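For reference, the structure is listed below as structure tokens.
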């Protein structure tokens, strides 16, 4: 059974008195443990698709199932609970809490669930090469280090799936490659499904499957995403 699937997914918006179609009839599925890249140029609909797959928004038509749950049938609060339990996020902007240390930022998702946090957070910081930097605040870290903290935070609560939206967009090429290497390693080691959204074909090539979008339509799907 697929961990994530969408069928006939369509998203439209009212714009200037007419209907603008951002996504049209998208159908595909992702198996548990896969590493999949959603590739497309700016304006192709890939970030909108990520938002629908993660339950951040509702489709105009079509369905999304995440770990057996029909997201489009849920209320906003119910979708938020599913995301809290099953989903991790890594964004282009790091979204760290500036008044918390690196260790405390990674602890947040665990503490919100009432789970033991410090040892797990320290373990993940060590996994991303920042074991000695846990007491530093975001302003004391480089961009690459901040993104590695964000990556550790995304995996901290053991999500079923992590969505990464242009995670290297604010990083130089070498630092971005290091972040993608870490994401791929954590995908393999932890078995967490990884969906990467990017406009960069070189980054997409690091995934084991590429879903290509153009003008809101799925135009190619290569590889199977499995380990």
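For the condition at pLDDT 95 or above and closer than 27 Å to residue 115 by Cα, what is the one hit in 49, 53?
Matching residue, one of 49, 53: 53.
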note = When residue 23 is run through (1) crowded, with 16+ Cβ neighbours inside 10 Å; (2) under 18 Å from the mean Cα position of the chain (by Cα), the failure sits at (2)
inquiry  = Which residue is farthest from residue 67 (Cα to Cα), if the candidates are limited to region 191-206 and must be surrounded by 19 or more Cβ atoms within 10 Å (Cβ to Cβ) and in contact with a helix residue (DSSP H, G or I) (Cβ under 8 Å, 6 or more places away or on another chain)?
reply    = 203
task = Go through region 164-175 and give me each residue that's more than 13 Å from residue 90 (Cα to Cα) and either in contact with a strand residue (DSSP E or B) (Cβ under 7 Å, 6 or more places away or on another chain) or surrounded by 15 or more Cβ atoms within 10 Å (Cβ to Cβ) (or both).
result = 171, 175
inquiry  = Regarding region 176-183, can at least one residue be identified that is modelled with pLDDT of 90 or more and in contact with a strand residue (DSSP E or B) (Cβ under 7 Å, 6 or more places away or on another chain)?
reply    = yes
message = So residue 137 passes all but one of these: (1) modelled with pLDDT of 95 or more; (2) closer than 24 Å to residue 199 by Cα; (3) surrounded by fewer than 23 Cβ atoms within 10 Å (Cβ to Cβ). Which condition number does it fail?
response = (2)
request  = State all residues of region 27-66 that are over 11 Å from residue 5 (Cβ atoms) and assigned to a strand (DSSP E or B); if no residue qualifies, say none.
outcome  = 35, 36, 37, 38, 39, 61
inquiry  = So, in region 116-149, exactly how many residues are over 22 Å from the mean Cα position of the chain (by Cα) and in contact (Cβ under 8 Å) with a residue 40 or more places away in the chain?
reply    = 1
query = Which of (1) farther than 23 Å from residue 2 by Cβ; (2) in contact (Cβ under 8 Å) with a residue 12 or more places away in the chain; (3) loosely packed, with under 15 Cβ neighbours inside 10 Å is the odd one out, the single condition residue 180 does not satisfy?
reply = (3)
Residue in region 67-106 that is surrounded by the fewest Cβ atoms within 10 Å (Cβ to Cβ), counting only those that are in a strand (DSSP E or B) and in contact with a strand residue (DSSP E or B) (Cβ under 9 Å, 6 or more places away or on another chain) = 70
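Considering only region 186-205, how many residues are within 13 Å of residue 38 (Cα to Cα) and under 15 Å from the mean Cα position of the chain (by Cα)?
8
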note = Among the residues of region 113-141, the number that are more than 19 Å from residue 99 (Cβ to Cβ) and out of contact with any helix residue (DSSP H, G or I) (no Cβ under 8 Å at 6 or more places or on another chain) is 6
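The values are calculated or read from the model by the stated rules, or taken from the named source; none is laboratory data. Small disclaimer: the values here were computed from a predicted structure and weren't measured. Methodologically, a virtual Cβ is constructed for each residue, glycine included, from the backbone with ideal geometry; neighbour enumeration extends over all protein chains shown.
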